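The values are calculated or read from the model by the stated rules, or taken from the named source; none is laboratory data. Remember, predicted model here, so these are calculated numbers, not experimental data. Methodologically, a virtual Cβ is constructed for each residue, glycine included, from the backbone with ideal geometry; neighbour enumeration extends over all protein chains shown. Just the protein is used for accessible areas: all its heavy atoms, side chains included, with ligands, DNA and RNA removed. Shrake-Rupley method; radii C 1.70, N 1.55, O 1.52, S 1.80 Å.
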Amino acid sequence: MPLLDRNGWKPESWARDAAAGAAIVPFDQVEAVLGARRPGQRIGVDLPNDVHPNALLPWQDGLDFVAIAFPRFNDGRGFSLGKMLREQGFAGTLRASGWIIPDQFAFALHCGFDEVEISEAQAQRQPIDQWLQAPALIGETYQDTQDGMISIFKRRRAAAEAA
Amino acid sequence: MYRYDEFDERVVRQRVAQFREQVGRRIDGSLTEEEFLPLRLMNGLYLQLHAYMLRVAIPYGTLDSRQMRQLALIADRYDRGYGHFTTRQNIQYNWPRLRDAPDILEMLADVQMHCIQTSGNCIRNVTADHFAGVAADEVEDPRPTAELIRQWSTLHPEFSFLPRKFKIAVTGSAEDRAAVAVHDIGIRIVRNAAGEVGYRIIVGGGLGRTPMIGKTVREFLPKDELLAYLEAIMRVYNLEGRRDNKFKARVKILVHELGAEAFIARVEEEYARLDGPSLNVDPAELARIAAYFAPPAFEALPEGSAVLDQAAARDPDLARFVRVNLYPHKMPGYTAVTVSLKPIGGPPGDATSDQMRALADIAERFSLDELRVTHIQNIVLPHVKLDEVPQVWAALVEAGLASANAGLVTDIIACPGMDYCSLATARSIPIAQEIAKRFADPDRQQLVGPLGIKISGCINACGHHHVGHIGILGLDKAGIENYQITLGGDPGNEASLGERLGPGIDAEQVPDAIERIVDTYLELRHADGESFIDTVRRVGLDPFKPVLQPKEPARAAA
Ligand code: SF4
């Protein structure tokens, strides 16, 4: 499925195949697959959006990749999940997978996602330039974000102190 | 009043440009209607029965004359010369066109206004006590807190696609005029035993088809911990709120299904793991926001006003207006004037553009340039000198805005109902109009005293009928409008939900039934002028039940 990040379309380097060198496996197989990991094999997991991030804690250090499901674009659980995984120290690649729209791309980046995986049909309808320009439309946030934006609240303080 | 700084200004301008661009992508087909829907809702644009409806945020109901004039101009240019003030302290335009919406947003941005998050499954515009900064019983002005929440919740990356809409209300007074117990989150500014100011946090209230009174989840939250604590609540709700059934998706259902204790435990667990210091704002930033709400430059005036007393002695209409529509101000010599948007026979909450301009002029001249929109769909002039009340009143009379019925039986809340709303199962505005006509006699209204009638045109309860002293809910029964009457609801300190009086009745019977409920009350009330709600609480519903049987002698039971 088409894959993109803030720089544009990108080739897929993962496979949903437990034998692959960079393997994405279902969440309920993560324990078994990690136990049988070959040297040098990289493991990722497909995480449904109704799993609490605590459930990933025992495994997250062994994981290089998590794809959080967005079954529908207006189901916003994935935003909290992504942010919570980052807050609990997950440092690998974080992917939003399923149905999210360009207007949500900034939110996904702010919550700690690196990349987005969408359907062919959606990629036809929403060409890459729409994805790349969307995050630039709102250049300020009132929140600190995982992609390094500093909240307006803090920037005001900084400006006041510099003055 | 709060003024945008360069950051606020940029966010609002960028949101306008973003929306214009989103409309373009809807028109060229990049966005499906389904995908566009939440985007336009998050900018206040609804598709109604006849046309689009645009809902403009008036954060915590505060605006100045320049903003009011701009609202009038928009009404003239893009609507039919009027606007509708709502129970969420907003204004709605019922006739804009989709392609004009970005231009309207631009005009709003010119006066530091917007439509951000006035609809959609996100944190909605925050409401607050309309007598903020006026009431003597205030621990602290709730508006700095509301403004802080407005900013924090704006385009929040994590909480813009919640299970359902999310409404927050704040009050700083002992008497709750913001109905905090029936919001998703209600915030009361309180003092603890040590005299420190903080927040009592109430979660899970709401109306709609499953009305509930909120539960206190924190008795006392230190002031500077607010945003982190709100994040914890939002997170629990975003992850665990039901998404399988739209009617069970509000946080009240989650609190109810988990039980308050389990819900609190979840919130506290989340709160413990959050990085509070990075989420909470610096006290200096809080102080910066609060400074905008510092009391305006009041003059030192004596208590009372001989000028007003003499004028009122000469003119009984003015005297009545003074008795009914003035609210005591904490500053001697000042008062808050309620301007009723409920003329007898008019649609509740509507104002023409000329009336908006008149209000702007009056506020500029007599109320330190400030206006408030109340959740009872009226306007408040918060800082009027008692000496100048006669002039204010005369100007209101001229504008057709001097109805002396604030808080009385004809000060009715009614949702748009069948006249505008695509979800409606019955009319509500015409019902309000008919009831008001029955009580048009000002002496009779005053005799009856404080009585809140609230009308919803369907089970979604936008007219807040559950918390009406008398609530009226319009339903559809086999193609015929049918109205259920409830008694004993109250949105305030002793928040309570009304109880059904009996089977539903036809539209034509509603005014009669209301009149007979009021007559029954007048017979039952204690001589000391016991209010309607107190009487209902004391005697219960039984004495009122016969009023629904039109054929029998109505007072037999009383
Ligand atoms: S209560 Fe029903 S009819 Fe009235 S505005 Fe709400 S949805 Fe529409």
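Overview of values
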{"quantity": "When each of B:Lys215/B:Lys252; A:Lys83/B:Lys248; A:Lys154/B:Lys223 is checked by Cα-Cα distance, pairs over 20 Å", "calculated": "A:Lys83/B:Lys248"}
{"quantity": "Heavy-atom accessible surface of chain B: percent carbon and sulfur, 1.4 Å", "calculated": "52"}
{"quantity": "Residue-normalised accessible area of region B:413-548, given per residue in Å² at a 1.4 Å probe", "calculated": "38"}
{"quantity": "Probe 1.4 Å - accessible area at A:Trp14, Å² to nearest ten", "calculated": "20"}
{"quantity": "Averaged over B:3-10, number of beta-carbon atoms from partner chains that fall within 10 Å", "calculated": "3"}
{"quantity": "Simple spin-label estimate for B:Ala287 and B:Arg20 in nanometres, 7 Å along Cα-Cβ", "calculated": "4.0"}
{"quantity": "Residue order for B:Phe159, B:Phe220 - accessible surface, 1.4 angstrom probe, largest first", "calculated": "B:Phe220, B:Phe159"}
{"quantity": "Charge sum, other residues only, whose C-beta stays under 14 Å from B:Arg143's C-beta, Lys/Arg counted +1 and Asp/Glu -1", "calculated": "-2"}
{"quantity": "Residue-wise HN-Hα coupling along region B:259-269, computed from phi with Karplus coefficients 6.51, -1.76, 1.60 (Hz; x: Gly, Pro)", "calculated": "x, 4, 4, 5, 4, 4, 4, 4, 5, 5, 4"}
{"quantity": "Cβ neighbours within 10 Å from other chains - mean over B:18-29", "calculated": "2"}
{"quantity": "Between helix A:128-137 and chain A: long-axis angle, C-alpha atoms, 0 to 90°, nearest 10", "calculated": "40"}
{"quantity": "Average beta carbon contacts from partner chains per residue of B:238-245, 10 Å cutoff", "calculated": "4"}
{"quantity": "Net lengthening on full extension, B:Lys330/B:Arg538 (0.36 nm per residue, minus Cα-Cα)", "calculated": "71.6 nm"}
{"quantity": "Residues of region A:85-134 buried by at least 50 Å² on assembly (accessible area, 1.4 Å probe, chain alone as reference)", "calculated": "A:Asp103, A:Phe107, A:Arg125, A:Gln130"}
{"quantity": "Solvent accessible area, Å² - A:Thr93, 1.4 Å probe, full protein context", "calculated": "40"}
{"quantity": "Burial order of peptide ranges B:125-133, A:94-102 (average beta-carbon count within 10 Å, highest first)", "calculated": "B:125-133, A:94-102"}
{"quantity": "Over region A:3-138, relative contact order from alpha-carbon pairs under 8 Å, at least 6 apart, %", "calculated": "22"}
{"quantity": "Unpartnered cysteines - no second Cys beta carbon under 4.7 Å - across chain B", "calculated": "B:Cys115, B:Cys122, B:Cys421, B:Cys458"}
{"quantity": "Interface burial for A against B (accessible surface, 1.4 Å probe, total of both chains, Å², rounded to 100)", "calculated": "4100"}
{"quantity": "For region A:1-135, accessible area per residue (1.4 Å probe, heavy atoms of protein chains only), Å²", "calculated": "40"}
{"quantity": "A:Arg77 - accessible surface, heavy atoms, 1.4 Å probe, Å² rounded to 10", "calculated": "40"}
{"quantity": "Hits among lysines - C-alpha to C-alpha of B:Lys454 under 18 Å, sequence gap 8 or more where chains match", "calculated": "B:Lys342, B:Lys437"}
{"quantity": "Between 0 and 90°, nearest 10: helix A:152-162 axis offset from chain A longest Cα axis", "calculated": "50"}
{"quantity": "Per residue, in Å², the accessible surface of region B:221-300 once ligands and nucleic acids are set aside, probe 1.4 Å", "calculated": "44"}
{"quantity": "Computed [θ] at 222 nm, helices only, for chain B once each DSSP H run of length n ≥ 4 contributes -39500 (n - 2.57)", "calculated": "-11000 deg cm²/dmol"}
